[in-house]
Each structure stands twice: as structure tokens, then as C-alpha cells.
């Protein structure tokens, strides 16, 4: 029998729980780990009990992380999977997606532990085998393998010691602001947006595939809504990859409203089409509800609120990886690792989505009024960690947001949308 430590440090047997797999006849167990925390706005202690299927319970047994952190990671992967892909018909693929999220979560706060460049072995997994289990014999198999490895590459460059002398990361952050269109494609990969849509379809044994223009719109809607809600979380992390680090902050409410409205328009127009609910459920849940239902976010700790300005305490907790978050603080750099960047560029066909290498090589610093730096990260509290756009450039991004309805019509001409 597997044992975990409870909140008082005593060994207790893990209690079996039934998963909510409505479609599988196989009985599975979920495992529990209890952790106590005190909400910042209430003088009461609450206890987290981590639940996850037995299929992934031993996945991190050989990984050098504290037991309680492993439990939180496994539960986070299960909760995210259930939130963004709430229905499924293929359990094997569903488990493979959980494993993808386990790797991604660890890469976000312990980037030094993940090296996608070295080979397929990542955190004890054969990454190629996991991706094959998720996408084998699906229309986007090879494209999604490349998409995921690109996301993992950039995340580990950002969340490890490599960030401080990374020519790759410097060019990547510069490229983020090349244009609004470029930003949303890079944010899409970073957030695993189209990747998760493709995974959701695969987990439901559907061969539906969207055009690049359609993926661009679906992911822009989801990322805009998510980033609007996650604004203060991202600031507490000194994040470089947040939409409202570049689009004016005062556009958050109107941008969320417009994106939500376009999503509901698509939801009605796509009704009855194969995979419709799979796709719109993902975009809708990513765009806000996960902040309440997932325990990775601070909804309960902050008194059932969303969108609360980050305090110094929260910023310090982020530095300590509370909630598995990670803080990007600015640091000085004397030289950049050009050799490492050149090596990564030489492998762009394996490790980058199509077009990213060209954006990195352009090394765009297109405006002399915007603030570019040699190394990136938050320089103070209550700010983001990327390029600081000037007011003129921010206005360009503001205007781009307003074109979402028209661009959506163009991407989905067969739906005869009325927006």
C-alpha cells in the first residue's frame, strides 16, 4: 500500500477514490495527499487533499522533488486535464495528455530539470513515446510533436539558470512584440492552446482539423480571456508572456468582453459540427473558469475573488514556487551564449514551430522608443518582465484587438457569422 505524509507529518495510507471516467468500464483509483494552508483574507486554516488517478501515481517516483510537491504536481495535471478536456472517449490518450501536463508544470518552475534538447528522455518519460500515445494516427501528429517541443524549449530557457545568459531567450522576448499577429502565435505555442485543442479532439477519437487561420482565432480568443483574468498572477511572476504586458492595461475589460462575445457567436454557429463542443469547451474553460475550479490559482486563498492586485507577500511566495508559480526577476548579464543559440537554431525543424526561427533571426527592435534589454525579467514589483512598449506601439496593438470579429468571419467563412 502506498503511504503519504499528512499535514502533521504522520504517515497515513492513501485512500482510494473513484475517478469520474463515465465512459470507461475499468475501475481506477485516485490517490490523496493532504496539505494545510491559511487563506490570506481569512483567519481559518483549510486543507488541500490532492487527488489523481493511480495511472500516474508513480510517474515521479524517481524524480528529485519533495513528496508533497510531487502530489501537488500530479493533482494539478489531473485538474487541468479535467477542466480543459472535460469529456473524453480514449483513456489511454487522456493519460498521455496528463503526462504532457506533468512535464510542462515542472518545466515552468524547475526548468533546470527538463532538457528537451538532450534527447527524448525527460523526467523519466520517453517524450516521443508519450506524444505518440497522444497523437498517433491523427491529422496533426507531427505538427503537434513539434509544437510541444517548442513550448518546452522556450519554457525551460525561461525558467532555468540559462535565462541569465540566453541569447535564445533574449531574441525570443524581442520577437514577442514583432507584431500583434506574431505575439498571438507565439503565445498560442507557449500556452499550448492549439496543442490542447488537437489533444482534446484526439482524446475523443475525432479526426477534425482546423486551418491555421482558424486555430489562430480560437487560440487568440482563449489566450486573451485567460490573460485578462490572470493579469495580476502574471505580474506577480514578472511574466514576459502575457497579452496585457503589451496591449494597454485599460483594454482588459473590453478585450475580455469582445473575445467572450465572439466565442459565444462561434459556439452557436458551430453547433452540430464534429468536435464543436470539444473545442469551445476548451476555449471557454481556459478563458476564466479554471481560475476558480483549479487549485493552482488563488481564488479560495483570496476570499473567493479573481483579479486582486498582487502583494509583496504573494510576490515572495511566487519566488518560493507556492502554487507551482515562478518569479522571473531581472538580473545583470555580461555575455550571452551565442553558441547555444546557434545550436538550437540548427535544430529548428525539430524544436520550433514553422516560422519561429525566422522571427528569432530578425531580432526585431523595430521602435527606438520601446525599451529592449539584454536580459529580461521583472525589475521591480507590479511590472512585467518583457519589452516595454511605447504608447504609440501600444495603440497599434489596441487597434488590432478591435479587428477580432472581422478576422473571425474571414477565418470561418462557411459559418456565415453575424458579429
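The values are calculated or read from the model by the stated rules, or taken from the named source; none is laboratory data. These figures come from a predicted structure and were not determined experimentally. Quick reminder, even Gly has a Cβ in these numbers, built from the backbone with ideal geometry, and neighbours come from all protein chains shown.
Observations, loosely collected:
- Test: residue in segment 84-101 that is crowded, with 19+ Cβ neighbours inside 10 Å, within 17 Å of the chain's Cα centre (by Cα), touching a residue at least 40 places away in the same chain (Cβ under 8 Å) and within 26 Å of residue 172 (Cα to Cα): yes
- Which listed residue is without any contact (Cβ under 8 Å) to a residue 60 or more places away in the chain and in contact with a strand residue (DSSP E or B) (Cβ under 8 Å, 6 or more places away or on another chain), from 327, 319: 319
- Those residues of segment 309-339 which are touching a helix residue (DSSP H, G or I) at 6+ places or on another chain (Cβ under 8 Å), part of a helix (DSSP H, G or I) and farther than 16 Å from residue 157 by Cβ, in sequence order: 314, 315, 317, 318, 323, 324
- Residue within segment 113-121 that is farther than 15 Å from residue 347 by Cβ and in a helix (DSSP H, G or I) present: yes
- Search result, residues across segment 138-148 that are surrounded by fewer than 21 Cβ atoms within 10 Å (Cβ to Cβ), part of a helix (DSSP H, G or I) and touching a helix residue (DSSP H, G or I) at 6+ places or on another chain (Cβ under 6 Å): 141, 145
- On the stretch given as segment 137-156, residues that are in contact (Cβ under 8 Å) with a residue 24 or more places away in the chain and over 15 Å from residue 353 (Cβ atoms) total 3.
- Residue 178 passes every criterion in (1) in a helix (DSSP H, G or I); (2) under 30 Å from residue 374 (Cα atoms); (3) in contact with a helix residue (DSSP H, G or I) (Cβ under 7 Å, 6 or more places away or on another chain); (4) at pLDDT 95 or above apart from (1).
- Listed here are the helices (runs of 4 or more DSSP H) enclosed by segment 206-308 that have at least 1 residues being modelled with pLDDT of 95 or more, under 30 Å from residue 370 (Cα atoms) and under 21 Å from the mean Cα position of the chain (by Cα): 212-229, 231-236, 252-269.
- Among residues of segment 380-401, those that are part of a loop (DSSP other than H, G, I, E, B) and touching a residue at least 60 places away in the same chain (Cβ under 8 Å), counted: 8
- Boolean, residue 276 is over 30 Å from residue 262 (Cα atoms), touching a helix residue (DSSP H, G or I) at 6+ places or on another chain (Cβ under 9 Å) and surrounded by fewer than 19 Cβ atoms within 10 Å (Cβ to Cβ): no
- Count of residues meeting criterion [over 23 Å from residue 179 (Cα atoms) and either free of Cβ contacts under 8 Å to residues at least 12 places away in the same chain or in a helix (DSSP H, G or I) (or both)] in segment 350-379: 1
- Segment 288-305, residues that are touching a helix residue (DSSP H, G or I) at 6+ places or on another chain (Cβ under 9 Å), surrounded by fewer than 16 Cβ atoms within 10 Å (Cβ to Cβ) and touching a residue at least 60 places away in the same chain (Cβ under 8 Å): 289, 293
- Check on residue 193, over 29 Å from residue 163 (Cα atoms), surrounded by 21 or more Cβ atoms within 10 Å (Cβ to Cβ) and in contact with a helix residue (DSSP H, G or I) (Cβ under 6 Å, 6 or more places away or on another chain): no
- Failed item in (1) out of contact with any helix residue (DSSP H, G or I) (no Cβ under 7 Å at 6 or more places or on another chain); (2) closer than 23 Å to residue 135 by Cβ; (3) surrounded by 18 or more Cβ atoms within 10 Å (Cβ to Cβ), with residue 223 passing the rest: (1)
- The lone exception for residue 281 - which of (1) within 28 Å of residue 406 (Cα to Cα); (2) touching a helix residue (DSSP H, G or I) at 6+ places or on another chain (Cβ under 7 Å) it fails: (2)
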